Structure formats: C-alpha cells, structure tokens
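Participant: Quick one: the structure is below, and I'll ask about it shortly.
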Amino acid sequence: MIFKRILNSIPRPLLIRLSYWVRPLLVLWYRGNRFTDPIDGRTYRKFLPYGYENQRENVLAPGTLSLERHRLLWLYLKNETDFFTNPIQKKVLHVAPEQAFYKRFRNMPNLNYTTTDLLSPLADVKADICNLPFEDDCFDWIFCNHVLEHIPDDSQAIRELYRVMKPSGTGIFQVPQDLKRAHTFEDDSIKDAKERARIFGQYDHVRIYGKDYFEKLRQCGFEVNAIDYGSVIGKEWIEKYRLSKGELLPVCRKPNQSGTI
C-alpha cells in the first residue's frame, strides 16, 4: 500500500524517466516461464500489480511495462493486420504514446510516426486533442488509448481524430469500459478525488463508458467494429498473456468519399 501511494504521488513524466532505470532489474527479478509478454517475447514467473483505487494483481509486464490492453492491441495488430509488415510507408499518429510501443513504433522503417500529448516527454507535438495542429485527412493510422475518459468534451476530441484521419484510415481508441452498463455515466458535480477514483476508477477520469461508446464513435463519422479478440485467441492464451477476458477492441475506420471502406 505504501509503495502504491509513492508511485501515485510521482508525476507521470518523471515516472516515465525513472522507469528506464528500474525495468532491467524487474526483468531479472520476475523472470520465469509461466507468463509471456508478446510485445518483447520475454517470459516471467509473474507480472507486477497495477491500479489506482482498485489494484489488479499480475498485470504489468516488467520488461515493456505493458498492461492487458497493450498486449491485446499488439496481438491484434500482429495477427490481423499488415501494420508491421506492409512495406509501403504509413503515417501514424499516436496520442499519449505508451512506453510499451513508443520505441518499437519509432524504429519501424515502414512508419512515419508522430506522437502528441500535452504533458508526455514522449510527445513530438505538444497539443490539445480537441484542437490538433494537423491538416485534414493526414494519417493512415491513429492510436488513442485510455485518453478520452480524461477529456471533458470527448465528442470534440473524437471529431478531431476523424478530421485528421485519411479516408479508409484506421484508428484504435481504447477506453476503460463497463460492458454491464448500457449507457456512459458522468457526473461533473463529483469533485472529491477519492470519490472520483471510487466511481470512475481514477481520480482524473471524468466518465465511465458503457456499451454506447461504440455508438458515440459512429455518431462522429467512424465505422466501428467492436472486436472481442480474446475470444479469437482462446482461454489458454488469455491467461498466458494476462489479457482481460471480454475486452472489446474498438477498431474504427473512416469511410472514403464513396462511403465505403
């Protein structure tokens, strides 16, 4: 509990820098054969715990610092798309870039890779997601994962993602989602940080998304496929990779001018 409080008190930009020194030690300490991180291929006896209000056990991979959502996205991109293999260079926008992906995407010769965020030291362009400084129809791929739950006007943010995506482009916009809820819940009157963490899962979240999240994306123009990729992989590999059972990947595509993908 004390360790958790210390981690949560460190500003995220500093935490990112410190992690580069700590990760090699964690890899050695947790090495084993029970679980696998598909991003770097390393195996471990267990993963680390992670979470703010409700801590999850055995979910944070020591080497890449990936969580369940990162590993699910990686497996989908690797197995179901040509993201890693297409030799034709693609323009990629990564909003609030995750450490698990940053260097790997940066070093891929087939990607023209741009990162953006207001605060992250990994951001090439410091920008507000509700007012992106990019031209219309600019990017082939856009990643924006666990960002929209922080944004008061998430509809404007989604419209901006739509605007800067090329026709026939693809985006994956993961959010914390409660699939037991039909409708997204938000309440601006809740000001207490502990109460917000209890209700929304984190003190700086402004909503908890329900099943209607996919419809919100569609209303902003995207064609959306909610993919339960864990079911494709199977129970054995959900456990081996430490994925979240039932998590849906929102794979979004911008129709071309004729209205087809």
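Participant: So what's the convex hull volume per residue for the Cα atoms of the stretch 155-197, in Å³?
Facilitator: 125
Participant: Taking only C-alpha pairs under 8 Å that are 6+ residues apart, what is the relative contact order of the stretch 138-213 in percent?
Facilitator: 36
Participant: Normalise the Cα radius of gyration of the stretch 52-108 by 2.2 N^0.38 Å (N = residues in it) and let me know the number.
Facilitator: Expressed relative to 2.2 N^0.38 Å, the Cα Rg reads 1.31.
Participant: Among the listed pairs LYS46/LYS240; LYS180/LYS216; LYS90/LYS126; LYS91/LYS245; LYS90/LYS254; LYS78/LYS240, which are separated by more than 20 Å between their Cα atoms?
Facilitator: LYS90/LYS126; LYS91/LYS245
Participant: Kindly identify the stretch 68-253 as rounded, prolate or oblate by the Cα gyration tensor criterion: order the square roots of the eigenvalues as a ≥ b ≥ c, call it rounded if a/c is under 1.5, otherwise compare a/b with b/c, prolate if a/b is larger, else oblate.
Facilitator: Details: a/c = 1.56, a/b = 1.17, b/c = 1.33.
Because a/c hits 1.5 or more and a/b fails to exceed b/c, the stretch 68-253 counts as oblate.
Participant: Which cross-chain or sequence-distant (5 or more) residues have an amide H under 5 Å from the amide H of LEU243, H modelled 1.01 Å from N in plane?
Facilitator: Residues meeting the amide H criterion: none.
Participant: Further question: Would you work out the relative contact order for the stretch 179-218, in percent, from Cα pairs under 8 angstrom that are 6 or more residues apart?
Facilitator: 49
Participant: Report, in whole Å, the centroid distance computed from the Cα atoms of the stretch 183-232 and the stretch 92-169.
Facilitator: 19
Participant: Related question: Pull out the extension gain between ARG34 and TYR203, defined as 0.36 nm times the separation in residues minus the alpha carbon to alpha carbon distance; nm, one decimal.
Facilitator: Here the segment from ARG34 to TYR203 would lengthen by 57.5 nm.
Participant: On to the next question. If the elastic network links every pair of Cα atoms under 10 Å, which of ASN225, ASN86, ASN112 fluctuates the most in the Gaussian network model of the chain?
Facilitator: The residue that fluctuates most here is ASN86.
Participant: Moving on to the next point. What percent does the relative contact order of the chain come to when contacts are Cα pairs within less than 8 Å and at least six residues apart?
Facilitator: 16
Participant: Ok, one more. Only helices at least 15 Å long along their axis, Cα-based, and averaging 0.0 or more on Kyte-Doolittle count here, so list those DSSP H runs from the chain. Numbers along the way, then the final one.
Facilitator: On the way: long enough: 12-29 (25 Å, 0.84); 68-80 (18 Å, -1.05); 154-164 (16 Å, -0.66).
Counting only whole DSSP H runs, the qualifying helices are 12-29.
Participant: Please identify, among SER189, SER168, SER244, the residue showing maximal mean-square fluctuation in a Gaussian network model of the chain using a 10 angstrom Cα cutoff.
Facilitator: Ranking SER189, SER168, SER244 by mean-square fluctuation puts SER189 first.
Participant: In nm, to one decimal, how far is the modelled label at ASN256 from the one at ALA182, with both set 7 Å along Cα→Cβ?
Facilitator: The two pseudo-label positions are separated by 3.9 nm.
Participant: For the chain, what does -39500 (n - 2.57) per DSSP helix run (n ≥ 4), summed and divided by total residues, give at 222 nm, in deg cm²/dmol to the nearest 500?
Facilitator: Numbers: 9 runs with 85 residues, N = 261.
After summing the helix terms and dividing by residue count, I get -9500 deg cm²/dmol.
Participant: When the chain is fully extended, how far beyond the present Cα-Cα distance does GLN156 get from CYS138, taking 0.36 nm per residue of separation? Walk me through the numbers on the way to the answer.
Facilitator: Values: separation 18, 0.36 × 18 = 6.48 nm, distance 1.77 nm.
Extra length from GLN156 to CYS138 when fully extended: 4.7 nm.
Participant: Which residue fluctuates the most in the chain, going by a Gaussian network model with Cα springs under 10 Å, if the choices are PRO167, PRO24, PRO38?
Facilitator: PRO24
Participant: Under a plain spin-label model, where a point goes 7 Å from the Cα along Cα-to-Cβ, how far apart in nm are ARG163 and LYS240?
Facilitator: 4.5
Participant: As an exercise, use a Förster radius of 41 Å and the Cβ-Cβ distance of ARG23 and ILE190 to find the FRET efficiency, rounded to the nearest 0.05.
Facilitator: 0.70
Values quoted throughout were computed directly from the atomic coordinates according to the rules given, and no laboratory measurement underlies them. All values derive from a computational prediction rather than experimental measurement. Here Cβ is always computed from backbone atoms with ideal geometry, including for glycine, and neighbour counts include all displayed protein chains.
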